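To start, the structure under review is shown below, and the notes come after it.
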Amino acid sequence: MPNILVTGGAGYIGSHVNKALHSKGYKTIVLDNLVYGHSEFVKWGNFFLVDLQNKDSLKLIFKKHQIDAVMHFAAYAYVGESVHHPSKYYNNNVANTLNLLDTMLECDVKKIIFSSTCATYGLPQELPIPETHQQSPINPYGRSKLMIENILADYQIAYNLNYVVLRYFNAAGADPDGIIGEWHEPETHLIPLVLQAALREQGEVKIFGTDYNTKDGTCIRDYIHVTDLADAHILALEYLCNGGTETIFNLGNGDGFSVKDVIESARTITQREIAVKEFQRREGDPPILIGDAKKAKKILGWSPSNTCLDSIIDTAWGWHQRLA
Ligand code: UDP
């Protein structure tokens with residue numbers, strides 16, 4: 001089986017994909033600088049505590065291991081922080097990715113699967129959002145991801161680097177075995193915050209905006225289960241290994257759930273009180289984000305299986321109870 005280098009394998013999505021790769025028999029070489037990742041999440045593969053800034057270490061790892069393909073998750077992903085510290089985002093997300101890509105080329109590794117985001121689209125002009133939608137990101141995080149997409153396209157033309165870009169909508173849920181899950185410090189995402197409030201049975205969940213033009217006035221998002229995301233990565237890898245050429249896929253549920261839907265579902269699943277407080281809108285939040293993932297279903301044969309909100313929240317709840 002091929003050796004896969006997984007950058008950011010101690011993070012939320014990277015760790016779930018690392019586990020899925022392992023279960024399919026792939027060997028993984030996992031890199032993470034552990035700034036936001038958790039060493040507890042690297043339970044599979046060969047782990048190296050490395051920052052992609054360190055090109056010499058990267059090169060040594062590539063030379064030592066016969067890497068067949070790279071899955072690149074390592075990135076900072078706090079939108080608000082990216083607005084206040086763009087240098088941190090452009091250096092880590094863009095400059096360090098250049099180190100990775102150039103090391104790959106030096107070591108003749110020509111396949112990469114890149115974690116991108118629906119944040120590269122900016123404000124949606126149509127729904128559900130297709131891959132062909134214009135890309136006008138509205139924050140440095142989204143711009144950093146779009147820059148890498150453009151770099152990949154240029155590297156493909158000039159150096160024959162083959163890639164799949166996966167644009168995630170809202171990753172959610174946890175592996176059903178409950179040993180890895182969503183754990184951000186600080187936490188800013190809706191589902192973990194709602195479940196933390198359920199666990200504590202105190203404090204309030206802030207609802208950012210109740211005056212949007214949506215069915216209940218709150219924002220609608222496309223929550224896609226993290227194990228379904230992991231399946232898509234395996235299919236994208238097989239696609240590249242079977243001679244597929246550079247392409248881009250949205251990965252989403254194709255369905256939208258409001259902030260209030262999430263809170264109601266969490267009340268049902270947890271059977272706990274969850275107090276809420278209505279706040280003003282959070283800056284930069286589009287009212288509705290729903291992805292069109294038909295292309296991934298058609299070309300990769302991807303078929304997400306945890307599409308109902310209750311099942312997404314149920315697995316997340318299992319993880320949060322363990323984490324507590
Ligand atoms: N949200 C909220 N309260 C919170 C955190 C998030 O109302 O404490 C809303 C947020 O405004 C957005 C949705 O929940 O409409 C999902 O936000 P999250 O940060 O989880 O993901 P994003 O869509 O920003 O990537």
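Checking each residue in the stretch 105-134 for being under 14 Å from PHE249 (Cα atoms) and not hydrophobic (A, V, I, L, M, F, W, C) picks out SER115, SER116, THR117, THR120, TYR121, PRO128, PRO130, GLU131, THR132, HIS133.
Here is a list: TYR163, TYR168. Which entry is farther than 24 Å from SER258 by Cβ and crowded, with 17+ Cβ neighbours inside 10 Å? I'd like the intermediate steps shown before the answer.
On the way: TYR168 fails: farther than 24 Å from SER258 by Cβ.
Selected residue: TYR163, the only one of TYR163, TYR168 that is farther than 24 Å from SER258 by Cβ and crowded, with 17+ Cβ neighbours inside 10 Å.
Considering the stretch 72-178, the qualifying strands (runs of 3 or more DSSP E), each wholly inside and each with 1 or more residues that are of a type in the set (Phe, Trp, Tyr), run over 111-117, 162-168.
Here LYS206 meets the list (1) surrounded by fewer than 17 Cβ atoms within 10 Å (Cβ to Cβ); (2) over 19 Å from PHE279 (Cα atoms); (3) within 10 Å of the ligand (Cβ to nearest atom) almost entirely, failing just condition (2).
Taking the stretch 165-203 as the range and being closer than 26 Å to VAL42 by Cβ, within 12 Å of the ligand (Cβ to nearest atom) and over 18 Å from the mean Cα position of the chain (by Cα) as the test, the residues that pass are LEU195, GLN196.
There is no residue in the stretch 223-237 that is without any contact (Cβ under 8 Å) to a residue 60 or more places away in the chain and either of a type outside the set (S, T, N, Q) or buried (at least 20 other Cβ atoms within 10 Å of the Cβ) (or both). Among residues of the stretch 135-148 that are within 19 Å of PRO124 (Cβ to Cβ), those with a beta-carbon under 9 Å from a residue that is of a type in the set (Asp, Glu) at least six positions away or on a different chain give the pairs GLN135/GLU149; TYR141/GLU81.
All conditions but one from (1) surrounded by fewer than 16 Cβ atoms within 10 Å (Cβ to Cβ); (2) within 16 Å of the ligand (Cβ to nearest atom) apply to GLY301; the one that does not is (2). Say whether the condition of being at pLDDT 95 or above and within 22 Å of THR247 (Cα to Cα) is met by at least one residue in the stretch 55-68. Scanning the stretch 55-68 turns up at least one residue that is at pLDDT 95 or above and within 22 Å of THR247 (Cα to Cα). When you scan the stretch 214-314 for strands (runs of 3 or more DSSP E) that lie fully inside it, which ones turn up with 1 or more residues that are within 18 Å of the chain's Cα centre (by Cα)? It comes to 223-225, 247-251.
Suppose the filter is farther than 20 Å from LEU309 by Cα and not charged (D, E, K, R); does GLY252 pass it?
Details: farther than 20 Å from LEU309 by Cα: no; not charged (D, E, K, R): yes.
Against the criterion (farther than 20 Å from LEU309 by Cα and not charged (D, E, K, R)), GLY252 does not qualify.
Residues in the stretch 36-53 that are farther than 17 Å from ILE180 by Cα, surrounded by fewer than 19 Cβ atoms within 10 Å (Cβ to Cβ) and touching a residue at least 24 places away in the same chain (Cβ under 8 Å): ASP51, GLN53.
The values are calculated or read from the model by the stated rules, or taken from the named source; none is laboratory data. Please read these numbers as outputs of a predicted model, since none were measured by experiment. With ideal geometry, Cβ positions are generated from the backbone for all residues, glycine too; neighbour counts draw on all protein chains shown.
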